[in-house]
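A quick write-up on the structure given underneath.
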Amino acid sequence: MPEDRLHPLSDAHSDRDAASHVPDTPQTRSKAYRLAFADDDFLCREELRPVRLQLELLKPQLILDEHGIESTIVLFGGARIPEPSKKDTARTATLAGLSEYYEEARKFAHLMTERSNGRENVIVSGGGPGVMEAANRGAVDAGGKSIGLNIVLPHEQAPNEYVTPELCFNFHYFAIRKMHFLMRARAICVFPGGFGTMDEMFESLTLIQTGRMECVPFLLFGRDFWEKIINWDALADAGTISAEDLELFRFVETAEEAIDVIDNWGDCGRRGEIPGR
């Protein structure tokens, strides 16, 4: 029995291998004969959704634990923002102008990775292009590792080349991917972006606002962009959020400023009540 086995029974790997070498008969060719855990068609059945949700939560969790990842720094941002050297390829002049935030994301990830011991404050991105690529690239620049949480999309895509291969995950369920972004988060940094970026930003803010998540440093890179896109004060004036909710995040412009804000954020804990309710 292998040293890492905790019991003397046959293990799943050996049985799966043995089952692939059985004689070819009408019975062994039947779908019913397949081992349940090795049957992709069975696992994709509608009734198996609860199992798939559990598997998608558990697989990254186990792998991150095996690699000793204790905490992360989350970077959200637009997939369409080019690096400065390629800003001439941007679809719009605004995107070209936002290329500076690619460089700030890269620099921020570099600086944070230099301060990391490989277990704490590990950079995590959505694993795609744009700001996500910059985040993982910055970690590589610093000689460190980083995490990529990809999602299956209708168009062909691949993870950016800078994600640490052993920490590159792919998700079917947006909900489970969102959980993995936040389960280890010690700071959340949001760069200019579109629907996906705003989705992650508002969901994270809502969790903190409602006390469902502990307060963590929450930084929005690019005040001009965010104040043009969202009228934050109008939300508070309308009473749909409270003035105190505007203190849940802070605007920054550079990587160095962001690190200073994180270092001096202070303790804020988990909200026990929602202001304005």
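The values are calculated or read from the model by the stated rules, or taken from the named source; none is laboratory data. These figures come from a predicted structure and were not determined experimentally. Using ideal geometry, Cβ is built from the backbone for each residue, glycine included, and neighbour counts are taken over all protein chains shown.
What to note about this one:
- Helices (runs of 4 or more DSSP H) wholly inside the range 211-277 containing at least 1 residues that are in the same structural domain as Gly78 (by TED's automatic domain parsing) and touching a residue at least 40 places away in the same chain (Cβ under 8 Å): 223-229, 255-263
- Filter result for the condition that a residue is touching a Ser or Thr at 6+ places or on another chain (Cβ under 6 Å), farther than 26 Å from Gly269 by Cβ and aliphatic (A, V, I, L, M), over Ala109, Ala139: Ala139
- Residue within the range 211-230 that is buried (at least 16 other Cβ atoms within 10 Å of the Cβ) and among the β-branched types (Val, Ile, Thr) present: yes
- Against the test of being within 14 Å of the chain's Cα centre (by Cα) and charged (D, E, K, R), the options Glu114, Glu120, Glu56 yield a single qualifying residue, Glu56.
- The residue list Ala96, Ala109 contains one member that is surrounded by fewer than 24 Cβ atoms within 10 Å (Cβ to Cβ), of a type outside the set (Val, Ile, Thr) and at pLDDT 95 or above, which is Ala96.
- For Phe218: the one exception among (1) more than 12 Å from Phe76 (Cβ to Cβ); (2) in contact with a helix residue (DSSP H, G or I) (Cβ under 9 Å, 6 or more places away or on another chain); (3) modelled with pLDDT of 95 or more: (1)
- Verdict on Asp15 being in the same structural domain as Gly138 (by TED's automatic domain parsing), modelled with pLDDT under 95, assigned to a helix (DSSP H, G or I) and farther than 28 Å from His180 by Cβ: no
- Any hit, the range 52-65, residues being of a type in the set (S, T, N, Q), surrounded by 10 or more Cβ atoms within 10 Å (Cβ to Cβ) and outside the structural domain of Ile229 (by TED's automatic domain parsing): yes
- Filtered by the rule that a residue be among the hydrophobic types (A, V, I, L, M, F, W, C), over 17 Å from Ile176 (Cβ atoms) and not in a helix (DSSP H, G or I), the range 31-66 gives a lone residue, Leu35.
- Condition met for Arg34 (modelled with pLDDT of 95 or more and surrounded by 11 or more Cβ atoms within 10 Å (Cβ to Cβ)): no
- Condition met for Thr206 (polar (S, T, N, Q) and more than 19 Å from Asn136 (Cβ to Cβ)): yes
- Test: Leu43 is more than 18 Å from the chain's Cα centre (by Cα) and over 30 Å from Phe174 (Cα atoms): no
- Residue match in the range 138-148 (condition: assigned by TED's automatic domain parsing to the domain that holds Met112, hydrophobic (A, V, I, L, M, F, W, C) and free of Cβ contacts under 8 Å to residues at least 24 places away in the same chain): yes
- Selected residue (only one of Thr28, Thr89 is in the same structural domain as Gly128 (by TED's automatic domain parsing) and at pLDDT below 95): Thr89
- Any hit, the range 194-204, residues being part of a loop (DSSP other than H, G, I, E, B) and closer than 30 Å to Glu66 by Cα: no
- Selection within the range 138-165: residues that are more than 15 Å from the chain's Cα centre (by Cα) and charged (D, E, K, R). The member of this set that is surrounded by the fewest Cβ atoms within 10 Å (Cβ to Cβ) is Glu156.
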